[in-house]
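These notes are about the structure you will find just below.
The values are calculated or read from the model by the stated rules, or taken from the named source; none is laboratory data. Everything quoted here is computed from the prediction, not taken from an experiment. Heads up, the Cβs are rebuilt from the backbone with ideal geometry, glycines too, and the neighbour counts pull from every protein chain shown.
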Amino acid sequence: MVSRIEPRLACPEPSNYSERCTVYVCRTCCTQTGFEWSDFDKHIGSRFSNLMYPDRQAVEREVADKLTDENSFLDFYCSGCNGVVRVYYRYEPPEGEFIPEGSS
Ligand SMILES: [Zn+2]
């Protein structure tokens, strides 16, 4: 149930549209969930989870020994099958930049 994608590589064909958005396709039911890249930005460094506590615990147990250097995640329930989806990603600030507080 836990998915790992590289958000920056999730759009196979770069376009004006995909510079703002990407789409997650559920492996169970093929439901597409759209994101804006800013959604990922909002979760950088955040431990915020959209999941209910037991689901969150289950996901964290499942991924505990699979994570490498991911430092951010975004999670939700698939609107098609109600499955738990958590996307891990790594954010590295560009050289010489920092994350402004309260930016959105
Ligand atoms: Zn699904």
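Side notes on the structure shown:
- For the stretch 57-83, taking the residues that are among the charged types (D, E, K, R) and either under 16 Å from the mean Cα position of the chain (by Cα) or outside any loop (DSSP other than H, G, I, E, B) (or both), the one that is farthest from the ligand (Cβ to nearest atom) is identified as Asp69.
- Number of residues in the stretch 26-56 that are out of contact with any Cys (no Cβ under 6 Å at 6 or more places or on another chain) and either assigned to a loop (DSSP other than H, G, I, E, B) or of a type in the set (S, T, N, Q) (or both): the value is 14.
- Counting the residues of the stretch 55-67 that are at pLDDT below 90 and of a type in the set (S, T, N, Q) gives 0.
- Count of the stretch 34-54 residues, restricted to those that are surrounded by 12 or more Cβ atoms within 10 Å (Cβ to Cβ), at pLDDT below 90 and within 16 Å of the ligand (Cβ to nearest atom), is 1.
- Every pair of residues 6+ apart whose Cβ atoms lie under 6 Å, when the first sits in the stretch 78-89 and is polar (S, T, N, Q) while the second is near the ligand (Cβ under 6 Å from one of its atoms): Ser79/Thr31
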